[in-house]
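The values are calculated or read from the model by the stated rules, or taken from the named source; none is laboratory data. What you see is a predicted model; the values in this text were computed from it and never measured. No Cβ is skipped: glycine too gets one built from the backbone with ideal geometry, and neighbour counts run over all protein chains shown. Heads up: the accessible areas ignore ligands, DNA and RNA and are worked out on the full protein's heavy atoms, side chains in. Shrake-Rupley method; radii C 1.70, N 1.55, O 1.52, S 1.80 Å.
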Amino acid sequence: MRIRAKHSAALASALVIALAGAARAEPDLDAKLVINGDLEMTTIAPAPAHLEGALGDNVISGWHYRDAATRQMETDDFENPAMSAVDEALAAWDTVDGSEGKSCADCHGAIEEGMKGVTAVLPKVTEAGALWSAEDFINDCRTNRMGAEAWDWDKDPMKNMTAAIALQSRGMPVNVAIDGAAAPFWEQGKEMYYTRYGLLQLSCANCHEQNNGNYIRADHLSQGQINGFPVFRLKNDGLVSIHNRFAGCVRDTRAETFSKGGPEFHALELYVASRGNGLAVEGPSVRP
Amino acid sequence: MRKLFVLGAAAMMTLPSVLSADTAPRDVAFADDGSVAESLTGVAGDPTAGLENATSRGIGNCVACHVAEGWKDAAFPGNVGPALTGIANVYDESQLRGILVNSKKTFEGTVMPSFYNLDDIIRPGDAYTGKAATSPDVTILTAQQIEDLIALLLTFDEPLPE
């Protein structure tokens, strides 16, 4: 209840500012994200070399583009509405499920130890040569190691678990591999990033590279980074997965979108993640 | 994010290219500079309908990307494109028609959508459902909606902003 009230207050103040005709704020690049008073986050980092200057000198977390009230919610785990989803996942972590009578904890131990640093390097190519996101690893363990049912890519149990796992990398730099076995996937993702989809003929780059900092209607365009995923969206009152966000952005160009968990979005996830190499893992973060 | 151009059921029923009196999207004649001299419909544009069109998310939604004195009351105009205040002093009717029909023929590679165009569309969708388009012949706006917008923009004859 407290969270909802805060949210409406934020919206109301945003509206007042807009109606007063004041110029809308540029991303506040001086703001510092410190979580729970002691975890300092790298929200602005030198742009990775592979971008060849496409985003200027720095890559910037989506956190900077949000209004002060939304940014504030991410600074304190008691205010971050994603944390109840994390609590549910922590309970699931210890719960036996499936025909093998095992819980995640039986094999991985405490999540703080077993999942430390995992999200920072995902997605990555497996020994078998597949590009896997957190969701793939989780379902592999569930179906092949626990004898449990796979979780739906975009439903709560999965989103909750990816949030709890991301939290174990919080503050660590995103560091996905783009060379070697990852290279062909990365190239595919890059190609998609610059393809102008749909009736509106817009690419990811048209909005998030050429126009970040500008407004499209009321929306302040960010660099479209995924270091904060899964994000808690106040609008949805729930967690949003990376592929769900991609699907929405492609759909909004009036295009036929791609499926969540499909090969195209895996490749795009790797490429977009690599555009944020060096930013701190922020998941689960808060967005309007 | 907000949907840029929500095609409502009503708009869907007026699939532009099937209206016989209109110039079909692929038959529009462009001059070398991207302008289009001839009216798409032969019917004079209505600036009031144009304003409704420009400021509605469901139709043209020009406000998503442009501010203009002519729609100063519209909430939250975006700034991806330049201000359109005084634009009638910059472009004539043919040039405006060209920009609206297919912006890419005037501004190479521009982010601005082409509102009456069927070519070079990758993975066309069925409005904003994320599903595949059910017809290959859908444009964002109808021919008459383009003419209405031109009529509106021609009233934007304020002094150009600094």
### Task
Rank these residues by their accessible area, most exposed first, probe 1.4 Å: A:VAL272, A:VAL118.
A:VAL118, A:VAL272
### Query
Given the stretch A:58-113 reduced to its alpha-carbon atoms as identical point scatterers, what log10 I(q)/I(0) does the Debye formula return at q = 0.28 Å⁻¹?
-1.07
### Task
Using just the helices of the protein assembly as shown, give the 222 nm mean residue ellipticity in deg cm²/dmol: DSSP H runs with n ≥ 4 each add -39,500 (n - 2.57), and the total is spread over all residues, rounded to 500.
-8500 deg cm²/dmol
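Using DSSP, restrict attention to beta bridges with both residues in chain A and report what percent are antiparallel, rounded to the nearest 5.
Working: 15 of 18 bridges.
Roughly 85 percent of the beta bridges in chain A run antiparallel, per DSSP.
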### Task
Sort A:SER99, A:SER285 by accessible area with a 1.4 Å probe, largest first.
A:SER99, A:SER285
#### Entry: Neighbouring partner chain Cβ atoms per residue of B:102-111, average, 10 Å criterion
2
### Query
By per-residue mean of other Cβ atoms within 10 Å, what is the highest-first order of B:136-148, A:231-243, A:127-139?
B:136-148, A:231-243, A:127-139
#### Entry: Partner chain coverage, peptide A:187-196 - average Cβ within 10 angstrom
1
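Kirkwood hydrodynamic radius, computed over distinct alpha-carbon pairs, for the stretch B:23-153: how many Å, to one decimal? List each step's numbers first, then the result.
Details: mean 1/r = 0.0659 Å⁻¹.
Hydrodynamic radius (Kirkwood, Cα only) of the stretch B:23-153 equals 15.2 Å.
Chymotrypsin sites (Phe, Trp or Tyr not before Pro), restricted to the stretch A:168-224: which are DSSP loop and have at most 14 other Cβ atoms within 10 Å?
Answer by residue number: A:TYR194.
Note the direction-averaged projected area, equal to a quarter of the hull surface, for the Cα convex hull of the stretch A:166-288, in nm². If you can, show how the numbers build up before the last one.
Working: hull surface 30.8 nm².
Spelled out: convex hull of the Cα atoms, projected over all directions, averaged, 7.7 nm².
Count, for each residue of A:246-255, the Cβ atoms from other chains sitting within 10 Å of its Cβ, then give me the mean as a whole number.
For this peptide, the per-residue mean of nearby foreign Cβ atoms is 6.
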### Query
Which value, in Å² rounded to 10, gives the accessible area of A:GLU269 with a 1.4 Å probe and all protein chains present?
10 Å²
#### Entry: Accessible surface of the stretch B:23-153 [probe 1.4 Å, protein heavy atoms]: carbon and sulfur percent
51 percent
### Task
Name the lysines eligible as straight-distance cross-link partners of A:LYS124: C-alpha to C-alpha under 27 Å, and not fewer than 8 places from it in the same chain.
A:LYS102, A:LYS116, A:LYS155, A:LYS159, A:LYS190, A:LYS260
### Message
Before I look further, what does the protein assembly as shown give for accessible area per residue, probe 1.4 Å, in whole square angstrom?
### Response
45 Å²
### Message
How large is log10 of I(q)/I(0) for chain A at q = 0.09, 0.10 Å⁻¹ when the intensity is taken from the Debye formula with one equal scatterer per alpha-carbon?
### Response
-0.42, -0.53
